[in-house]
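Right, one structure below, let's go through it.
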Amino acid sequence: MKKAVMLICAAFAAAYGFSAGGMENQPAASASGPATVTYWTPLNANIAKVVQDMGQTENTKEWEKQTGTNIKFQHIPSGNDSQVTEGFNILVASGNYPDIIEYKWIDYPGGPSAAIADGVIIPLNEVFKKYCPNISKMLRDNPDVAKMVSTDDGIYYVFPFLRGLSYKNNMLLFSEGFVIRKDLLDKLKMSVPETPADWYAMLKGFKNLGIKTPLTLRADHISRAMAPGFDSYDDFYIDNGKVHHGAIEPARKAYLETMAKWYKEGLLDNDFFAVDKKTQATKVLNGECGATYAPGGSGIGTWLPAMRKTDPNVELVSAPPMSSKKGRYAKFSKMNTLYSDSGYSAAISTSCKNIEAAAKLLDYNYGTAGHNLANFGIENVSYKMVNGNPVYTDMIMKNSKGLSITDAMSLYIRGHIHGPFVQDQRELEQYYQLPELKDALKLWTRTDMGKHIYPPATVPEKDTGYLASIINNVNTYMAENEAKFITGALPISEFDNYVAQLKKFGIEKAIEIKQTAYDRYMAKK
């Protein structure tokens, strides 16, 4: 693969006039007017509520104005990841590429190196040197990020979407957490729970108060919410340089055994496997549950104002990620990453005829003006500078046309979704207006998960199919059997047999493959 990538890079350099000193000039715009760039990106659902094409947003119009570029978007809906993947696969199979393609390039079969070797996208090292002072500076100043967005051979391939630039106290990495009825907690004279024992006592108390379902959780939330209390994680993770998978570790058994106990005692919603977002919201709003787990905006941010319309005494509070030991940060939690799972990033395709225009358009977002445009919109329209900080105007916060904050943001910014830019925490701090939500954000950061996240390391193309098969079998078997353990359909005495089957599927081999990829990633300069 290394030889293949280097040959592709050499061929590309020859075709486009690269040299050791850089690139030959490509025209950014013709004498007759702005350059035109074609741009493929899934149409985010939030943006789709207000426009049918991103070119219609005020954000894009200003982006075009500031860069002297016309952007012609090509969209597919982004209802779910599988829909986007299908659309992307069709695009790649067609061989007819737009100039810029936004995608989760870390998910490309064989990784970004394969995307270059397959002739889909171009290497960007020389492009950055010649045309991109903003992203070049950002990468020099943040070597950890530079490692994330380059191949094992040090080839840059993308203008990345980044959730800020630091793991330390970065609220952008935390989007969901516990939601607890504080007014009920006060009746019990209890404080916010930290450990499984604290949670058990609280849920028993809720039951005694007559709460029908003390804890309601969606099936996809149970593990990420409750397993950290037992130092258990349901995926690959890093511990002192070694790759692990929590599914086959003893801590997993303790987690499942406790959830089965809570389920049997009626503390955990006995319909959890059927609870979706709508059902969850109904149970919360009707006062049927005492605690749950949800994203910030659609959780506390939505439910508390609605509940207070009928009962002004209702209070909601969050809790830190559950820890196995009181006073200690949780080892694991639900946590986004700076880059790999963050969203769609932009690459330049091999079909691009005006690389300079495409590169300068994308690089604009990594400078101060572009950063503010992406995250806050147009100065003195959607935001004003106050004491050196961008503050949203009423155009966003109290829109005169009746647009919600999210809908107004969708017209003026991209910072609330994803794209080729660095997300700014000050956007989130203003979006989360309720004091209860601001407090929740601070609580969600009380985790050591940043030490254990598996980085965006890619495996060799020869191993991708095999690894994908293992992971698919493991994930399917986990989902089916962990639900059975929790509901009692499968006794916890079968846990060792369950682990044995995961090993037959090849989970230990998958760990080896991921370890090799991790070691290569860490060895990158």
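Before rounding to the nearest 500, sum -39500 (n - 2.57) across all DSSP H runs of length at least 4 in the chain and divide by the residue total; then give [θ] at 222 nm in deg cm²/dmol. Taken over the chain, the calculation gives -13000 deg cm²/dmol.
Compute the distance from the alpha-carbon center of region 366-387 to that of region 421-445, in whole Å. After rounding, the separation between the Cα centres reads 18 Å.
The residues packed around residue 350, meaning those with a beta-carbon under 15 Å from its beta-carbon, carry a net charge of -2 if Lys and Arg are +1 and Asp and Glu are -1.
Report the rotationally averaged projected area of region 94-206 based on its alpha-carbon convex hull, in square nanometres.
Mean shadow area of the hull around the Cα atoms is 11.9 nm².
Between the alpha-carbon centres of region 493-511 and region 279-314 there is a gap of 39 Å. Excluding same-chain neighbours fewer than eight residues apart, the lysines reachable from residue 130 by a Cα-Cα span under 19 Å are 353, 360.
As a quick test, which of the pairs 326/509; 451/514; 212/334; 334/462; 168/242; 147/242 have an alpha carbon distance above 24 angstrom in this structure?
Details: 326/509 36 Å; 451/514 17 Å; 212/334 27 Å; 334/462 31 Å; 168/242 22 Å; 147/242 19 Å.
Checking Cα-Cα distances, 326/509; 212/334; 334/462 exceed 24 Å.
Between region 448-467 and region 130-198, the alpha-carbon centres lie 18 Å apart.
Would you work out what percent of the accessible area of the chain, with all protein chains in place, is carbon or sulfur (probe 1.4 Å)? Carbon-and-sulfur percentage of accessible area, whole number: 51. Electrostatic tally near residue 280: other residues with Cβ closer than 13 Å to its Cβ, Lys and Arg +1, Asp and Glu -1, net -2.
Could you list log10 I(q)/I(0) for the chain at q = 0.05, 0.07 Å⁻¹, which the Debye formula gives when each Cα is one point scatterer? Log-scaled intensity ratios, in q order: -0.22, -0.43.
Taken per residue, the accessible surface of the chain reaches 43 Å², heavy atoms only and a 1.4 Å probe.
A DSSP coil position with no more than 13 other Cβ atoms inside 10 Å describes the following trypsin sites (Lys or Arg not before Pro) in region 69-174: 168. Residues in region 149-157 carry Karplus couplings, in order, of 9, 10, 6, 4, 8, x, 8, 6, 9 Hz; the curve used is 6.51 cos²θ - 1.76 cosθ + 1.60 with θ = phi - 60°, and Gly or Pro positions show x.
With q set to 0.13, 0.14, 0.17 Å⁻¹, the log10 of I(q)/I(0) for region 392-441, from the Debye formula over equal scatterers at the Cα positions, is -0.32, -0.37, -0.54.
Per-peptide packing, taken as the mean over residues of other Cβ atoms within 10 Å, places 403-409, 52-58 in the sequence 403-409, 52-58 from highest down.
The values are calculated or read from the model by the stated rules, or taken from the named source; none is laboratory data. Everything quoted here is computed from the prediction, not taken from an experiment. Using ideal geometry, Cβ is built from the backbone for each residue, glycine included, and neighbour counts are taken over all protein chains shown. The accessibility values were calculated without ligands, DNA or RNA, using every heavy atom of the protein model including side chains. Shrake-Rupley method; radii C 1.70, N 1.55, O 1.52, S 1.80 Å.
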